[in-house]
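In what follows, a structure is listed as structure tokens, so that the remarks can point back to it.
The values are calculated or read from the model by the stated rules, or taken from the named source; none is laboratory data. It should be emphasised that the depicted structure is a prediction, and the values quoted were computed from it without experimental measurement. Cβ: placed from backbone, ideal geometry, glycine included. Neighbour counts: every protein chain shown. These area figures cover heavy atoms from the full protein model, side chains too; ligands, DNA and RNA do not enter into them. Shrake-Rupley method; radii C 1.70, N 1.55, O 1.52, S 1.80 Å.
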Amino acid sequence: MTCLNNLEVNLASGSAAVLWVVCFFVMVAVARNNPFGGQPAFVLTLAAMLWWLFTVGFDLASPSEGCKIGWSLAAWPGIILLPIAWTFFIFDYTLNTTQERHPIRLFTYIGLPGLVSVIALTNSWTQLLYGPDTHLVTEESSHYVVFDHGPIFYLIASCLYLFIMATLGVLCLALLKSKKVIRPFLSALFVVTAAPVGANLAYIGWGVTLFGFDPTPYTFAVSLIALSWLLLNNSMMDTAAQG
């Protein structure tokens, strides 16, 4: 409970809170909207986004190193689930599949986030996700952590990129085979998928941050919000009508 005390409300944590609220209302609107291809997976994507933003907000508001690392570790279930659920949404929407209860899909929804959660909970002993050189940096009134990424971090990232690459590949194929009327929407889906990838690569490869933090959740959240007007447009989300 100590990490819920002495929180500092600032521009960074406030921005995460605003994005959380907007994403919450988008999720409710999408869940209540007329059914469309991949709707359950899309709602699950937004739920994972909400958890990630929740932990990001508390991370950015926490002044201590231990709490910041703790919130970063707590974010991993959402980090894992978000790209997986997004991939299945793209597959369901573009390929018109309906496999919400398929055993392999259920394993990826539950098993993979659960496994990584165990790794995150034991990181203080194993240091497989974040290594011993992880440390707090203070610049003026800002506090952020510079992470020493361990071997499992890069293994997990590589696995998640397999999902993302499959998503981009399916979208490219759909763009080539689709009629012109739906290509703008498919292009928007491609941008929503590619933008967080670019932000994440910039963070991992060159240390690019936003408020001293990984910009990936911000990029994905803003992209989803920008896409929200399409989510409520039945003519674009109705797979049968497009067919």
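Mind checking which residues of segment 72-98 are of a type in the set (A, V, I, L, M, F, W, C) and over 15 Å from the mean Cα position of the chain (by Cα)?
Within segment 72-98, F91, L95 meet the criteria.
Scanning segment 110-135 for residues that are aliphatic (A, V, I, L, M) and over 12 Å from H149 (Cα atoms), we see that the one that is surrounded by the most Cβ atoms within 10 Å (Cβ to Cβ) is A120. Out of all the residues in segment 136-168, which are assigned to a helix (DSSP H, G or I) and either of a type in the set (K, R) or open to solvent by 60 Å² or more (accessible area, probe 1.4 Å) (or both)? Within segment 136-168, P151, Y154, L155, S158, C159, L162, M165 meet the criteria. Test G14 against the stated conditions and say whether it is assigned to a helix (DSSP H, G or I), surrounded by fewer than 16 Cβ atoms within 10 Å (Cβ to Cβ), touching a residue at least 24 places away in the same chain (Cβ under 8 Å) and out of contact with any Asp or Glu (no Cβ under 6 Å at 6 or more places or on another chain). Against the criterion (assigned to a helix (DSSP H, G or I), surrounded by fewer than 16 Cβ atoms within 10 Å (Cβ to Cβ), touching a residue at least 24 places away in the same chain (Cβ under 8 Å) and out of contact with any Asp or Glu (no Cβ under 6 Å at 6 or more places or on another chain)), G14 does not qualify. Screening L53 on (1) in contact (Cβ under 8 Å) with a residue 40 or more places away in the chain; (2) open to solvent by less than 40 Å² (accessible area, probe 1.4 Å); (3) over 17 Å from the mean Cα position of the chain (by Cα) shows it passes everything except condition (3). Checked against (1) over 13 Å from the mean Cα position of the chain (by Cα); (2) under 28 Å from L106 (Cα atoms), V43 passes all but a single condition, namely (1).
Selection over segment 202-212 of residues that are touching a residue at least 60 places away in the same chain (Cβ under 8 Å), in contact with a Pro (Cβ under 9 Å, 6 or more places away or on another chain) and aromatic (F, W, Y) gives a count of 0.
Quick check, is F58 without any contact (Cβ under 8 Å) to a residue 60 or more places away in the chain, within 19 Å of L224 (Cα to Cα) and open to solvent by 40 Å² or more (accessible area, probe 1.4 Å)? It is false that F58 is without any contact (Cβ under 8 Å) to a residue 60 or more places away in the chain, within 19 Å of L224 (Cα to Cα) and open to solvent by 40 Å² or more (accessible area, probe 1.4 Å). Consider I80 against the criteria (1) surrounded by fewer than 18 Cβ atoms within 10 Å (Cβ to Cβ); (2) out of contact with any strand residue (DSSP E or B) (no Cβ under 7 Å at 6 or more places or on another chain): it satisfies all of them except one. Which criterion is unmet? Tallying (1) surrounded by fewer than 18 Cβ atoms within 10 Å (Cβ to Cβ); (2) out of contact with any strand residue (DSSP E or B) (no Cβ under 7 Å at 6 or more places or on another chain), I80 fails exactly one: (1). Working only within segment 167-201, note down all residues that are within 21 Å of P215 (Cα to Cα), in contact (Cβ under 8 Å) with a residue 40 or more places away in the chain and of a type in the set (G, A, S). A188 - this is the single residue of segment 167-201 that is within 21 Å of P215 (Cα to Cα), in contact (Cβ under 8 Å) with a residue 40 or more places away in the chain and of a type in the set (G, A, S). Taking the condition among the aromatic types (F, W, Y), modelled with pLDDT under 90 and not in a helix (DSSP H, G or I), does F36 pass? Spelling it out, F36 is indeed among the aromatic types (F, W, Y), modelled with pLDDT under 90 and not in a helix (DSSP H, G or I). Scanning segment 172-213 for residues that are among the aliphatic types (A, V, I, L, M), open to solvent by less than 30 Å² (accessible area, probe 1.4 Å) and farther than 26 Å from T94 by Cα gives a single hit, A202. Of the residues examined, M27 is not one that is open to solvent by less than 60 Å² (accessible area, probe 1.4 Å), touching a residue at least 60 places away in the same chain (Cβ under 8 Å) and of a type in the set (A, V, I, L, M, F, W, C).
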